[in-house]
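The structure under discussion appears below in the form of structure tokens.
The values are calculated or read from the model by the stated rules, or taken from the named source; none is laboratory data. Computed from a prediction, not measured in an experiment: that's the story for all the values here. Every residue, glycine as well, gets a Cβ built from its backbone with ideal geometry; the counts of neighbours run over all protein chains shown. The accessibility values were calculated without ligands, DNA or RNA, using every heavy atom of the protein model including side chains. Shrake-Rupley method; radii C 1.70, N 1.55, O 1.52, S 1.80 Å.
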Amino acid sequence: GAGVSQSPSNKVTEKGKDVELRCDPISGHTALYWYRQSLGQGLEFLIYFQGNSAPDKSGLPSDRFSAERTGGSVSTLTIQRTQQEDSAVYLCASSLVVGPYNEQFFGPGTRLTVL
Amino acid sequence: DQQVKQNSPSLSVQEGRISILNCDYTNSMFDYFLWYKKYPAEGPTFLISISSIKDKNEDGRFTVFLNKSAKHLSLHIVPSQPGDSAVYFCAASDRNNNDMRFGAGTRLTVKP
């Protein structure tokens, strides 16, 4: 498929465990974003990557959250020592170039449940 | 900080009538606004956008209105169709930032 893909689609984990969420952006898109949507909340910006530039991590809620993007393509969002409040849908999006005026294409999301 | 607010969590409309979804923002630096539509188990998809130099943008059944002085925008869908039933997110961005701020979403239900 040509769209953004994310895996797994669902993840259930125990409090205190680490999780890794994966995002495959649209081929050729240089910008990649991570958001999360908690119950009843809007999409909360977490981090974005632009090409080989240093990522903008300003949205990460704590130092338990980190993300990397290897080879300018696939990205992994890692949450260490998960807490129940980390339960949310984590959405990845990509756009052709970074910038506020560029349409972002979203993946289907990963639903994370921390027990 | 909720810079983009959608105060109506849900809206129900009869098929064929107009749906009006509202959005308010607090950051006067925002100069580009978007509406995304989200079906269950899918990611949001872009619907329509408007730049702050305009006050109206129309695309088929969808029209977005922007009132900069009131820091308010709205999405009009007319005529509404059952397939429009989804969650609609308002988003805003400014030229100095590469991320977008989203509202909490409004769930639209169009009844046949």
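Per-residue answers, yes or no, for (1) surrounded by fewer than 14 Cβ atoms within 10 Å (Cβ to Cβ); (2) closer than 14 Å to residue A:112 by Cα; (3) charged (D, E, K, R):
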{"residue": "A:59", "(1), (2), (3)": "no, no, no"}
{"residue": "A:63", "(1), (2), (3)": "yes, no, yes"}
{"residue": "A:70", "(1), (2), (3)": "yes, no, no"}
{"residue": "A:73", "(1), (2), (3)": "no, no, no"}
{"residue": "A:77", "(1), (2), (3)": "no, yes, no"}
{"residue": "A:81", "(1), (2), (3)": "yes, yes, yes"}
{"residue": "A:87", "(1), (2), (3)": "no, yes, no"}
{"residue": "A:92", "(1), (2), (3)": "no, yes, no"}
### Task
Would you please name the residue that is nearest to the other protein chains (Cβ to nearest Cβ), looking only at residues in the range A:38-77 that are assigned to a loop (DSSP other than H, G, I, E, B) and hydrophobic (A, V, I, L, M, F, W, C)?
A:39
## Note on the structure
Scanning the range A:1-20 for residues that are open to solvent by less than 40 Å² (accessible area, probe 1.4 Å), within 11 Å of chain B (Cβ to nearest Cβ) and part of a strand (DSSP E or B) gives A:6
### Summary
Looking across the range A:21-55 at residues that are under 29 Å from residue B:7 (Cα atoms) and charged (D, E, K, R), the single one that is least open to solvent (accessible area, probe 1.4 Å) is A:36
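More than 25 Å from residue A:45 (Cβ to Cβ) and small (Gly, Ala, Ser): which single residue out of B:69, B:74, B:51 fits that description?
B:69
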### Query
What strands (runs of 3 or more DSSP E) completely inside chain B contain at least 2 residues that are open to solvent by 40 Å² or more (accessible area, probe 1.4 Å) and within 13 Å of another protein chain (Cβ to nearest Cβ)?
B:45-51
